[in-house]
């Protein structure tokens, strides 16, 4: 049925004598990804409307619905808008670009009413009754205090295709994570005990610091570290700094030695003396091996973000928590850590996600000990 409909609808690509193209499924989904990336930079929202013809009784009925619907739909959208198959041959997609430039929040309801009215006027009631219409607006609002994916997969068809194309890599990466974390926990067992004892003897409070972090696709999880701060400290110090850092309002701070200047709180009064040593040597990160075993993190990947950090993200920054699972180490850690600006860190994370492979993971893992020894950007 799909082949028959596609052949028949090929003649509808030039609808009602106009030159408007009806994009095929692959082309339309690629256009969604392109428009999303453009919106990430311009912040001009677009609306994606999906028209599902429903589970009709036969291909003749489907063809009748589409034959009458497509010319009518073409007549109610602008030349800059896009029409195509979101899911061939039953779900039509309409993409209205830059809807927020003028008109504000009333634009979506106007567009929906216009399309519904057009379909109602152009279709017999029994056909109109089969159709269901939904719409989403990008950029979307993320909700971080519920354990649900804050990003709508409809806007990320490119990520879905990439995930399917890397199944073998994901299996290999998970095996590497399990093997590496188990071996590391065995080898560093004496260090675990020594650090725990040092924390207990130097300050009051628990050995471990647990915090909610944002994982892949925005899913929250409990993140483990050795405690490096005094208990009952004020998190607003870090929150305000991070939000200013993301906005590019923070100048680099001079380091205490010959290392490059850093974009980090270098004199945080909340950090204990032992905690300062743990941060400098990255030993405070060791408990994250537990997160790797649980599958919440990987050995290699972007650093897991704090919810209030993600709230301050620009739209394009979100890709670092969508592209791949967070990790203990990554390109940012071996390329200077806090000596690079926030935007550059995001670019490194996206660069890793685009090029990730077991070979790259192994390379980063081998580079990490030297990065720890140098201590560049570590505070």
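Okay, here's what the table says:
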{"quantity": "Simple spin-label estimate for residue 182 and residue 67 in nanometres, 7 Å along Cα-Cβ", "calculated": "6.3 nm"}
{"quantity": "Gain upon complete extension [residue 357, residue 158; 0.36 nm per residue less C-alpha separation]", "calculated": "69.9 nm"}
{"quantity": "Approximate spin-label separation residue 50-residue 24, in nm, with each point projected 7 Å along Cα-to-Cβ", "calculated": "2.1 nm"}
{"quantity": "Whole-percent pair-distance distribution, where bins are 5 Å wide, for the alpha carbons of region 160-374", "calculated": "1, 7, 14, 19, 21, 18, 12, 6, 2, 0, 0"}
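None of the figures in this text is laboratory data; all of them are computed from the coordinates on show. Predicted, not measured: the structure shown is a model, and the values here were computed from it. With ideal geometry, Cβ positions are generated from the backbone for all residues, glycine too; neighbour counts draw on all protein chains shown.
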